[in-house]
1. Those residues that are touching a helix residue (DSSP H, G or I) at 6+ places or on another chain (Cβ under 7 Å) and not hydrophobic (A, V, I, L, M, F, W, C), I need them from segment 39-64; list them, please.
2. What number of residues within segment 248-278 are among the aliphatic types (A, V, I, L, M) and not in a helix (DSSP H, G or I)?
3. Give the residue, chosen from Gly256, Gly280, that is modelled with pLDDT under 85 and of a type outside the set (Phe, Trp, Tyr).
4. Specify the residue that is farthest from the chain's Cα centre (by Cα); the eligible residues are those in segment 54-81 that are assigned to a helix (DSSP H, G or I) and surrounded by 15 or more Cβ atoms within 10 Å (Cβ to Cβ).
5. Counting only residues that are among the aliphatic types (A, V, I, L, M) and crowded, with 20+ Cβ neighbours inside 10 Å, which one in segment 97-107 is nearest to Gln183 (Cα to Cα)?
6. Among Thr295, Thr232, Thr238, which is the only one that is touching a residue at least 24 places away in the same chain (Cβ under 8 Å), in a helix (DSSP H, G or I), surrounded by fewer than 21 Cβ atoms within 10 Å (Cβ to Cβ) and of a type in the set (S, T, N, Q)?
7. Find the residue count for segment 255-281, including only residues that are within 15 Å of Arg49 (Cα to Cα) and without any contact (Cβ under 8 Å) to a residue 60 or more places away in the chain.
8. Could you grab me the full set of residues in segment 261-277 that are within 12 Å of Asn88 (Cα to Cα) and β-branched (Val, Ile, Thr)?
Amino acid sequence: MSKLTFERIASQQRRGPRRSSLGSGWKLALFFVPAVLVYGFLVIYPTLRAFQYSITNWNGYSSNYNYIGFTNFRLLFTEDGLFTNALNNSVKLMVAVVIVETIVAFGLAVLLSNNIRSSRVVRSVIFFPAILSAVSVAFAFTFVYAPDGGLLNTFFHDIGLTSVHLDPLGSNRYAIYWVAGVQAWQYVGEMVLLFVAGLQQIPLELYEAASIDGASRLRQLRHVTRPLIMPTVVLVATFTMIQAFQAFQLVYGLSGNPPASNVDILSTRILTTFADSKLGYAAAESIVFMLIIGTIAILQRRLLRATRGAS
């Protein structure tokens with residue numbers, strides 16, 4: 001066989017797999033088409049329409065509306081006290097939920113990280129509220145927080161504190177924190193499982209080496225567990241932030257429709273504005289809400305990369 005013939009056969013053999021690989025790539029890409037179409041129709045298209053309506057004064061019913069530029073966004077932060085109040089309540093709810101859920105969940109995870117039967121049972125019990133609907137949880141806590149005959153006030157009276165009479169949802173200053181307590185109660189079990197998974201990924205050899213060096217449990221927690229669990233902490237904090245901003249059903253279930261101003265948050269404020277036939281203004285509020293959630297997600301990704309790099 002001549003050298004030229006050999007090179008021609010080798011060239012054809014090389015081109016064959018490439019064409020096959022290219023054809024397989026196009027076939028695989030076709031599997032993504034239905035998902036892309038559905039995502040585009042249900043997410044991308046409504047988002048683009050929301051941007052369009054946010055610069056109009058459309059009431060949601062009339063076929064005519066005017067483009068008013070960024071007037072809606074200017075009014076949100078300069079003249080709309082209801083929106084500012086909802087934003088403040090959302091931030092308070094987020095901070096309270098993140099602090100309580102992260103600390104309580106981490107503490108419980110440390111106690112329940114042993115993969116023994118009793119720990120698994122307790123983790124299942126703690127996780128149970130997370131599978132309940134927010135509406136049912138809110139309905140149950142309306143009886144707990146009721147100022148007259150509620151379980152909370154009844155408990156204080158039964159232990160002898162007859163002078164204590166609480167109206168958790170009626171307080172203008174602390175009502176949002178009582179809502180945060182319900183949110184934390186429902187989802188702390190979910191965060192416990194995330195922390196347990198993170199703790200179980202830490203090699204036992206590190207704790208054995210630290211113990212041999214004379215490190216106490218507290219020092220092991222500080223110098224071994226804390227650095228290696230930080231990616232999970234960032235993940236838990238992000239989940240709890242987003243949960244707090246989206247506590248729509250919980251607030252509506254606890255406070256009614258429309259919710260009281262002391263527990264009004266961004267998601268409930270958007271629906272109330274829409275119900276008032278101000279769709280353009282509600283679209284502007286939803287854009288701000290979406291930007292806040294997007295910013296949280298971006299910061300979470302950066303913090304997660306930083307903590308993984310540091311560990």
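1. Tyr53, Ser54, Thr56, Asn57, Asn59, Gly60
2. Qualifying residue count, segment 248-278: 3.
3. Result: Gly256 is the single residue among Gly256, Gly280 that is modelled with pLDDT under 85 and of a type outside the set (Phe, Trp, Tyr).
4. Pass one, segment 54-81, residues assigned to a helix (DSSP H, G or I): 71-78, 81.
Within this subset, residues satisfying the condition of being surrounded by 15 or more Cβ atoms within 10 Å (Cβ to Cβ) are 71-73, 76.
Numbers: Thr71: 30, Asn72: 27, Phe73: 25, Leu76: 24 Å.
Once the filter is applied, the top-ranked residue is Thr71.
5. It comes out as Val97.
6. Numbers: Thr295 fails: touching a residue at least 24 places away in the same chain (Cβ under 8 Å); Thr232 fails: surrounded by fewer than 21 Cβ atoms within 10 Å (Cβ to Cβ).
None of the other options fit; the residue is Thr238.
7. Looking only at that region, the number is 0.
8. Across segment 261-277, the qualifying residues are Val263, Ile265.
The values are calculated or read from the model by the stated rules, or taken from the named source; none is laboratory data. As the structure is a computational prediction, the values presented were derived from the model and not from experiment. With ideal geometry, Cβ positions are generated from the backbone for all residues, glycine too; neighbour counts draw on all protein chains shown.
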